Protein chains: 4
Amino acid sequence: MPHNYRLIVSCPDRVGIVSRVSGFIAAQGGSIIEANQHSDLDNGRFFMRYDIQSEALGAAAFRAEFESIAREFAMDWRLSDASRRQRVVLMVSRESHCLVDLLYRWSAGELDCDIPCVISNHDDLRALVEWHGITFHRVSVDPADKAPAFAEVERLIAAADADSVVLARYMQILPPALCERYAGRIINIHHSFLPSFAGAKPYHQAFERGVKLIGATCHYVTQELDAGPIIEQDIQRVSHCHTPQDLVRLGRDVEKAVLARGLRWHLQDRVLIHGNKTVVFS
Amino acid sequence: MPHNYRLIVSCPDRVGIVSRVSGFIAAQGGSIIEANQHSDLDNGRFFMRYDIQSEALGAAAFRAEFESIAREFAMDWRLSDASRRQRVVLMVSRESHCLVDLLYRWSAGELDCDIPCVISNHDDLRALVEWHGITFHRVSVDPADKAPAFAEVERLIAAADADSVVLARYMQILPPALCERYAGRIINIHHSFLPSFAGAKPYHQAFERGVKLIGATCHYVTQELDAGPIIEQDIQRVSHCHTPQDLVRLGRDVEKAVLARGLRWHLQDRVLIHGNKTVVFS
Amino acid sequence: MPHNYRLIVSCPDRVGIVSRVSGFIAAQGGSIIEANQHSDLDNGRFFMRYDIQSEALGAAAFRAEFESIAREFAMDWRLSDASRRQRVVLMVSRESHCLVDLLYRWSAGELDCDIPCVISNHDDLRALVEWHGITFHRVSVDPADKAPAFAEVERLIAAADADSVVLARYMQILPPALCERYAGRIINIHHSFLPSFAGAKPYHQAFERGVKLIGATCHYVTQELDAGPIIEQDIQRVSHCHTPQDLVRLGRDVEKAVLARGLRWHLQDRVLIHGNKTVVFS
Amino acid sequence: MPHNYRLIVSCPDRVGIVSRVSGFIAAQGGSIIEANQHSDLDNGRFFMRYDIQSEALGAAAFRAEFESIAREFAMDWRLSDASRRQRVVLMVSRESHCLVDLLYRWSAGELDCDIPCVISNHDDLRALVEWHGITFHRVSVDPADKAPAFAEVERLIAAADADSVVLARYMQILPPALCERYAGRIINIHHSFLPSFAGAKPYHQAFERGVKLIGATCHYVTQELDAGPIIEQDIQRVSHCHTPQDLVRLGRDVEKAVLARGLRWHLQDRVLIHGNKTVVFS
């Protein structure tokens, strides 16, 4: 039975990378199902993602033998086993739209991951989560002292052996240490077209400014609020007819779509972070 | 031969406005071709635009008789003669894309206006303008002392008897007094999705931030830079593949489209300003 | 406590309609919250929808007194009580995406209706429906003799006292008599951008033709398959990368969105049918 | 000074293609600036486009030496010199919007081609074309006997040494022999979202059907009318407010945009035809 791997590489650009990597794969009998490459001419960086199928090739052997090529080209790289599903912890607050959407897509096979648990600071969404057969943890956050709650959150994430965390409208700011520990692995959905309207109540800010489009942004969480690398964005047309409540309602559809696309690409190793930007091989 | 008028009204909302206005029009034998209304429930303001066709009705008589209704309902209002074409002065710098687009639409009958002249701080676009049979004025702007240039610009606008001014990528900041004198009548196209990336070089700002969509904003010019009432916005999807130069190129198409829509609506009296926002009956 | 009504009118266009109708409403102390009008200049037909708020006005009295105006202008009209929720029967087959989406929106208050029951020819979605506290009826359809099944379907719809029926990917063709009985009240979602790819397997047809956009169409059901009045359509960009299975997956999102918008407008009396076309006051 | 080439390959998919091709390029000191690949899993076909930069490599030598690889893998292939601008003949009728747009983009450097001449069956657009310094040929088409006109058209195309022909709203059906001779090199813009509304007056067909979106399609011309391989499509939202004339006006913007994108990709060798479909490496 053939195995599927994804080879993700980022390195200084120079002649011969593709030839060396594809030659190595061919020599091992691997077949390249999908190939994506990007040369960033500005800063001389090269990015690639190969979807590899092989009858014979084992991941351990690949990694061992590829190491010398990687060293030669000063590569940041990883090989992920496409058959190994990531473990993704979802964090939510009271609003259900993103959660309902993600759980539907997950159960429909659109999101190639396991969901060991959902963590929330409220109990509102417990029944929905448990109906899907997923463990629900409530961790209340005391505004006066948030540290104990986040210690518990971090314990639960670690206990779930999570590869990634999705803030599906969690509405709480994670502590810097947690952001740091899971750098490039925590995905947030912000309900505005960043960098417009960062921070709280973006739909009300949008209403006040009288914009004609509202948006949503899926990004990796960094220590600086709403400023991490952007994975995906989209917008929705609005008009003077719409109240702030309408913007909230219309925005939910954009949030759902943008988060789902961003997460899907993340799970398929299609998002490569470089500095505060992303290369997305969608 | 029937005449066409547009009645534009903004007033405090209360029972009976539509009845009184439409009763008045019917009593004069006027027929309402298109009607748009908006009740802003937040601040209790009512907006309406009626496209009126009448065999008998004269504008002077309408205005005289309508005055008492207007006073009763504390209306801001105007009646415009749809057969009278606005006089629009275009201002440009060196980039031709918006100008080419507006001149095409104007010659194709999409923009219901006369263009008495085009004013530019450079000579690059003279031949294009003159080929269309339109007067071209070059007014160089001395960075060390801009006042004389803007005095001349203002003189030319006044001499052209302009109703409106369009900054079709003019790239100079107009002096506050000029903005004030033509408040609600100067339209600018900004090459970003405001309020993101106000100010200079928005495409480079967008590139630096790594956004996945770029945009353009058509707005009325006020004394505060890039902060006036927004008429129209739109976006274009971009990716890591695009250089700042690509963003500039792709953005041109959005700028053209957004400016043309905004100007068309302005010329048809479809844009009502209220505070720093617009009601657009598109 | 104020009552809300919606007055829906379609009649031959002539001078004085708005004046008479708005005068009548004002005389009754009614306030027009939202007004939409459309003059179809091609065939001289006038359409209007008024959202009316009144402290005093009763529906029965309104209807009785309005009758003489309606007769004078040869109006097709109805007054609906905005506080009375329509009863909507959903019909599904095995695919859950539209159902999950509608149930979410219903529970979030986006769809102003009651759902007395869901009818399906399969049992797959029973648990989901019942978890929402809604009755689920399975009515198997025997391909060799569909009549008994549709007799039962019609009995259930009647027993549910349904105002409208939504085919949320039901995948069976309703008998002509049923279409006729509920004309203008059965909404279907077709998974193509009609009139392209009517009939079966539209995504495979789209794949074969090599189109660069796929779409979905929400329309009223008539006796002629996929040919009824269109309420709403939207599209999704695709490319050579996408397999027919990808088109199916991507299309689900368009189907959900288009059906939800169409149904929402239908429930708010925003869709007026005229011949085989619709006026949508969205 | 480095040279830029584009290598376009289509062949049966099998292990080792990328390795062999990239190995060959690296051995010649060529650097791959942009790489696009697509494996069509359905029919086992592989497509690739490499943007190659080289100091030393000459096209003739490349072609000679690459031949043996091409034979081994049964490749359809070509190497194009990126510095050699294609010669593109534009054909128009009376409507100017696509022509104005293409001439603007050409003069702004967005379209990397020479335009030896414009051919039209009417004289309306002569002044515009000649103002751009381009030769204009009028070839009237006699409805009773079109053969002489098309003989002259074909002679002019040959005399212009055209690589490609663009029907920028030419509105005449080309004879089959001409379509055949320039297969994959004649681009048409059709003013509908094909396969909906093929043939004449698509906007009127769209109006009659009551669709909520109109579109345009850029495709290669084949002997079967409006049925050739699709390069690009896009749409524009419309409503009951729009007359057929409005659809024509709004459609012009979509036509321009879709044709310009399709032509740009064609000129950059980004469009690979396979059967009646295209792979577009955009």
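Per-residue answers, yes or no, for (1) under 24 Å from D:Gly251 (Cβ atoms); (2) in contact with a Cys (Cβ under 9 Å, 6 or more places away or on another chain); (3) charged (D, E, K, R); (4) without any contact (Cβ under 8 Å) to a residue 60 or more places away in the chain:
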{"position": "D:Ala108", "(1), (2), (3), (4)": "yes, no, no, yes"}
{"position": "D:Asp112", "(1), (2), (3), (4)": "no, no, yes, no"}
{"position": "D:Ser120", "(1), (2), (3), (4)": "yes, no, no, yes"}
{"position": "D:Ala127", "(1), (2), (3), (4)": "no, no, no, yes"}
I need a count of the residues in the range C:64-79 that are modelled with pLDDT under 95 and among the basic types (Lys, Arg).
0
Determine, yes or no, whether D:Asp253 is at positive phi and more than 14 Å from the chain's Cα centre (by Cα).
no
Being over 24 Å from B:Asp124 (Cα atoms) and open to solvent by 60 Å² or more (accessible area, probe 1.4 Å) is true for just one of D:Asp123, D:Asp81. Which residue is that?
D:Asp123
Looking only at the range B:131-145, and only at residues there that are closer than 10 Å to B:Cys117 by Cα and either in a loop (DSSP other than H, G, I, E, B) or in contact with a His (Cβ under 7 Å, 6 or more places away or on another chain) (or both), the one that is most open to solvent (accessible area, probe 1.4 Å):
B:Gly133
Considering only residues of the range A:235-247 that are closer than 24 Å to A:Arg261 by Cα and touching a Lys or Arg at 6+ places or on another chain (Cβ under 9 Å), which is most open to solvent (accessible area, probe 1.4 Å)?
A:Arg237
Quick check, is D:Arg185 within 12 Å of another protein chain (Cβ to nearest Cβ) and surrounded by fewer than 22 Cβ atoms within 10 Å (Cβ to Cβ)?
no
For the range A:196-211, give me each residue that is touching a strand residue (DSSP E or B) at 6+ places or on another chain (Cβ under 9 Å), assigned to a loop (DSSP other than H, G, I, E, B) and open to solvent by 40 Å² or more (accessible area, probe 1.4 Å).
A:Ala198
It is to be established whether one or more residues within the range B:161-173 are touching a strand residue (DSSP E or B) at 6+ places or on another chain (Cβ under 9 Å), over 17 Å from B:Ile231 (Cβ atoms) and in a helix (DSSP H, G or I).
no
Among the numbered conditions (1) surrounded by fewer than 18 Cβ atoms within 10 Å (Cβ to Cβ); (2) within 30 Å of C:Glu95 (Cα to Cα); (3) of a type in the set (A, V, I, L, M), tell me where A:Ala159 comes up short.
(2)
Pairs, please: C-beta under 6 Å, at least 6 apart or cross-chain, first residue more than 7 Å from chain C (Cβ to nearest Cβ) and surrounded by fewer than 24 Cβ atoms within 10 Å (Cβ to Cβ) and in the range D:212-234, second in a strand (DSSP E or B) and at pLDDT below 95?
none
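For the condition out of contact with any helix residue (DSSP H, G or I) (no Cβ under 7 Å at 6 or more places or on another chain), more than 26 Å from D:His274 (Cα to Cα) and at pLDDT below 95, what is the one hit in D:Ala56, D:Ala82?
D:Ala56
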What pairs come up if the first residue lies in the range D:144-156 and is modelled with pLDDT of 95 or more and of a type in the set (A, V, I, L, M, F, W, C), the second is surrounded by 16 or more Cβ atoms within 10 Å (Cβ to Cβ) and not in a loop (DSSP other than H, G, I, E, B), and their beta carbons are under 8 Å apart, counting only those six or more places apart or on different chains?
D:Phe150/D:Leu178; D:Val153/D:Met91; D:Val153/D:Ile119; D:Val153/D:Leu178; D:Leu156/D:Val89; D:Leu156/D:Cys117; D:Leu156/D:Ile119; D:Leu156/D:His137
For residues that are assigned to a loop (DSSP other than H, G, I, E, B) and of a type outside the set (Asp, Glu), scanning just the range D:26-43, find the one that is farthest from the other protein chains (Cβ to nearest Cβ).
D:Asn43
Within the range D:17-39, the count of residues that are in contact with a helix residue (DSSP H, G or I) (Cβ under 6 Å, 6 or more places away or on another chain) and more than 21 Å from A:Gln28 (Cβ to Cβ) comes to 1
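For B:Cys117, indicate whether it is modelled with pLDDT of 95 or more and under 16 Å from the mean Cα position of the chain (by Cα).
So B:Cys117 does not fit the description; no.
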Spot the failing condition for D:Ala26; the list is (1) more than 19 Å from D:Arg71 (Cα to Cα); (2) modelled with pLDDT of 95 or more, and only one is missed.
(2)
Here is a check on your reading of the model: is A:Phe66 without any contact (Cβ under 8 Å) to a residue 60 or more places away in the chain and not assigned by TED's automatic domain parsing to the domain that holds A:Ile8?
no
Here are some conditions: (1) surrounded by fewer than 21 Cβ atoms within 10 Å (Cβ to Cβ); (2) of a type in the set (D, E, K, R); (3) more than 14 Å from chain A (Cβ to nearest Cβ). D:Glu72 meets all but one. Which one does it not meet?
(3)
Can you spot a residue in the range B:93-114 that is aromatic (Phe, Trp, Tyr), surrounded by 18 or more Cβ atoms within 10 Å (Cβ to Cβ) and more than 18 Å from D:Trp131 (Cα to Cα)?
yes
Cβ pairs under 8 Å, 6+ apart, first in the range C:256-274 and assigned by TED's automatic domain parsing to the domain that holds C:Val221, second assigned to a helix (DSSP H, G or I) and open to solvent by 30 Å² or more (accessible area, probe 1.4 Å)
C:Ala257/A:Asp253; C:Val271/C:Trp265
What pairs come out if I take residues in the range D:78-90 that are part of a strand (DSSP E or B) and pair them with residues that are among the basic types (Lys, Arg) and open to solvent by less than 30 Å² (accessible area, probe 1.4 Å) whose C-beta lies under 8 Å away, six or more apart or interchain?
D:Leu79/D:Arg6; D:Ser80/D:Arg6
Checking A:Gln37 against (1) in the same structural domain as A:Gln172 (by TED's automatic domain parsing); (2) buried (at least 18 other Cβ atoms within 10 Å of the Cβ), which test does it fail?
(1)
Residue, most open to solvent (accessible area, probe 1.4 Å), within the range B:1-19, restricted to residues that are closer than 19 Å to C:Gly16 by Cβ and more than 8 Å from chain C (Cβ to nearest Cβ):
B:His3
Please count how many residues of the range C:190-204 are within 16 Å of C:Val238 (Cβ to Cβ) and within 11 Å of another protein chain (Cβ to nearest Cβ).
4
Report yes if D:Arg63 is within 24 Å of D:Gly275 (Cβ to Cβ) and not hydrophobic (A, V, I, L, M, F, W, C), otherwise no.
no
Quick one: is A:Glu180 surrounded by fewer than 18 Cβ atoms within 10 Å (Cβ to Cβ), in contact (Cβ under 8 Å) with a residue 12 or more places away in the chain and outside any loop (DSSP other than H, G, I, E, B)?
yes
Before we move on, is A:Phe46 within 13 Å of another protein chain (Cβ to nearest Cβ) and closer than 27 Å to D:Gly29 by Cβ?
yes
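The values are calculated or read from the model by the stated rules, or taken from the named source; none is laboratory data. Model, not experiment: these values are computed from the prediction. Note: ideal-geometry Cβ built from the backbone for every residue, glycine included; neighbour counts use all protein chains shown. For accessibility, only protein heavy atoms count, side chains too; no ligands or nucleic acids. Shrake-Rupley method; radii C 1.70, N 1.55, O 1.52, S 1.80 Å.
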